[in-house]
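The values are calculated or read from the model by the stated rules, or taken from the named source; none is laboratory data. Keep in mind the model is a prediction, meaning the values are calculated, not measured. Reconstructed Cβ throughout: ideal geometry from the backbone, glycine too, with neighbour counts over all protein chains shown. Surface accessibility is based on the protein's heavy atoms, side chains included, excluding ligands, DNA and RNA. Shrake-Rupley method; radii C 1.70, N 1.55, O 1.52, S 1.80 Å.
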Amino acid sequence: MPHAPPSRAGTAGASDARTPALLPDGVREPPGAAAQRPGTALVTGASSGIGAAVARRLSAEGWRLVLSGRDAGRLAETAAHAAAAVFPEDLTRPAAERRLTRFALDEVGRLDLLVACAGVGWAGDFTTMTRRSFDEVMEVNLLTTLRLVRQVLPHMVEAGSGRVVLVGSLAGAVGVRGEAVYSASKAAVAVFADALRYELRGTGVGVSLVVPGVVDTPFFERRGTPYARTRPRPVPPERVADAVWRAAVRGRDEVYVPAWLRLPARVRGVAPGLYRRLAATFG
């Protein structure tokens, strides 16, 4: 899509740099704890769905926001309900993550929180998936996220605080029939979150993974295949936004939405053979 110029909708003014706070006993805060107070946040995929809900929730909690999304019109609508600077951009474009990071830092001075919500889906037999669809799912769900984190992270590490929240999927924890490539992309995001968390120990920067099941957003309309399962039932995007907020303010490593979805993931981890038999029988 043609690049639309960034705009400033609202009051996302620059903030002064802060040093990591000290607790009453003189002990430094745990990794990512600077995000426990309203600060500055960059949210991708904010044109609609989960990203838009996250933007509204963070705005309501007093965060200063920079929002990015591919649809300039819908992004402006989100910003109208969450005072923010907006940067319409297709993050698959060359060097888009650099432009976005530079814009965000120019707008708010520093980034305390990055919430990576951008994602696309595709459903059907793997053998019928076109190369174009294959590349888009892996590019949007995985590569653009890693590229953006790579740009933002050095600034958080230099500041000694911050948190990265990645939005995964239950499909990445257990695998879903008819969504092989989507499942693979989200599984890669989950493993990336774990590996990066280990790497960042001692830096003051934390990493959270939010794992939603089915969310009631335009996601299924855009992928061209409606959601036809009876379980799990779709949850509103606001529930995922609540989980993102909890992950940020409480420094949670992993949050499932709804929480009971952690059970099938655990069964698969503890008894993979049993899980596969159940999945083959019940879908």
Quick check for you: with a 1.4 Å probe and neighbouring chains kept, what is the accessible area per residue of the range 107-225, in Å²? 41 Å²
Compute the Cα gyration tensor for the range 73-112, then decide on rounded, prolate or oblate, letting a ≥ b ≥ c be the square roots of its eigenvalues: rounded whenever a/c is under 1.5, prolate when a/b is larger than b/c in the other cases, and oblate in all that remain. oblate
What's the FRET efficiency of PHE134 with ALA60 using the Cβ-Cβ distance as r and R₀ = 35 Å, to the nearest 0.05? 0.40
Per the 1.4 Å probe, what fraction of the accessible area of the range 33-180, in percent, lies on carbon and sulfur atoms? 50 percent
